[in-house]
Amino acid sequence: MRYVIPSREVLAETLLAAGPSAPTLCEGWETKELAAHLYLREHKPAASLGIAFKPFAGATEKATRRTAAKAATPEGYRHLVRKFRAGPPPFSPMRIESVDKSANLIEYLVHTEDVRRAGTRWAPRALDEEYSDALWNELIKRAALLYRGVDLGIVLVRPDGPRHVAKRAQVSVAIVGEPAELLMHAHGRRGHALVTFEGQPDAVALLDSADVGP
């Protein structure tokens, strides 16, 4: 909970500062849809089944759009963000520290940057070293899944030395960046991730066109 609760606060503040109709890096979503998504996944899990299960994707999208429509006004939007900011309801599994960390530490970082980096002018945040370490630890747990659609070996490398082999193959590409930037790339925000690549040019080009993300 040490980093999840402050991350929720930062995300809520970022959403409030942007307003309901600001762009995001989530295709087809403005900030009101993103806020609706964040609220529904914690408060209405049945309406969020489509996040993990494609047969329910249509119903989840409808619930997201319906909730977002109620937040189209400044007052409605502030109300929705406040409900997200208040945290999951009583008896929610996300009240359990380990579940909350697994479900939300990366989620909140990526979505905060989805709002911040959707504009034409942005700069990376200076993150606490221990927070970066926590992000790195969560990333390497799921890196193989995030890069499962890439027909290459993938090595994640931090500038300060640590590296993680996410996927093995005869031809590999190393992706170099701070943990937050590696997370953005691994979640498909490749055009907004401050990373560099080490590998054969054709392999790097293949990675650039590959299916990356959850």
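The values are calculated or read from the model by the stated rules, or taken from the named source; none is laboratory data. Predicted model, so just to flag it, every value in this text is computed and none were measured. Note that each Cβ is placed from the backbone with ideal geometry, even for glycine, and that neighbours are counted across all protein chains shown.
I'm checking my understanding of the structure. Among residues of region 167-195 that are charged (D, E, K, R) and over 23 Å from Arg125 (Cα atoms), which one is surrounded by the fewest Cβ atoms within 10 Å (Cβ to Cβ)? Please lay out each step first, then the result.
The first filter runs over region 167-195 and keeps only residues charged (D, E, K, R), leaving 167-168, 178, 181, 189-190.
Narrowing the set further to residues that are over 23 Å from Arg125 (Cα atoms) leaves 167-168.
On the way: Lys167: 19, Arg168: 11.
Once the filter is applied, the top-ranked residue is Arg168.
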For this session: Considering only region 6-37, state which residues are aliphatic (A, V, I, L, M) and in contact (Cβ under 8 Å) with a residue 12 or more places away in the chain.
Result: Val10, Leu11, Ala12, Leu15, Leu16, Ala18, Ala22, Leu25, Leu34, Ala35, Ala36
Problem set entry | Within region 1-117, helices (runs of 4 or more DSSP H) holding 1 or more residues that are surrounded by fewer than 18 Cβ atoms within 10 Å (Cβ to Cβ) and hydroxyl-bearing (Ser, Thr, Tyr) | 97-116
Exercise. Could you list, in sequence order, the residues of region 143-153 that are touching a residue at least 40 places away in the same chain (Cβ under 8 Å) and either touching a strand residue (DSSP E or B) at 6+ places or on another chain (Cβ under 8 Å) or not in a loop (DSSP other than H, G, I, E, B) (or both)?
Worked result: Ala143, Leu145, Leu146, Tyr147, Val150, Leu152
Seminar exercise, completed: Scanning region 1-29 for residues that are under 15 Å from the mean Cα position of the chain (by Cα) and more than 18 Å from Arg125 (Cβ to Cβ) gives Cys26, Glu27, Trp29
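Does Ile140 satisfy the condition of being in contact with a strand residue (DSSP E or B) (Cβ under 7 Å, 6 or more places away or on another chain), crowded, with 16+ Cβ neighbours inside 10 Å and among the hydrophobic types (A, V, I, L, M, F, W, C)?
Answer is yes for this residue.
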Exercise. Is it the case that some residue within region 155-166 is within 27 Å of Thr24 (Cα to Cα), assigned to a loop (DSSP other than H, G, I, E, B) and modelled with pLDDT of 95 or more?
Worked result: yes
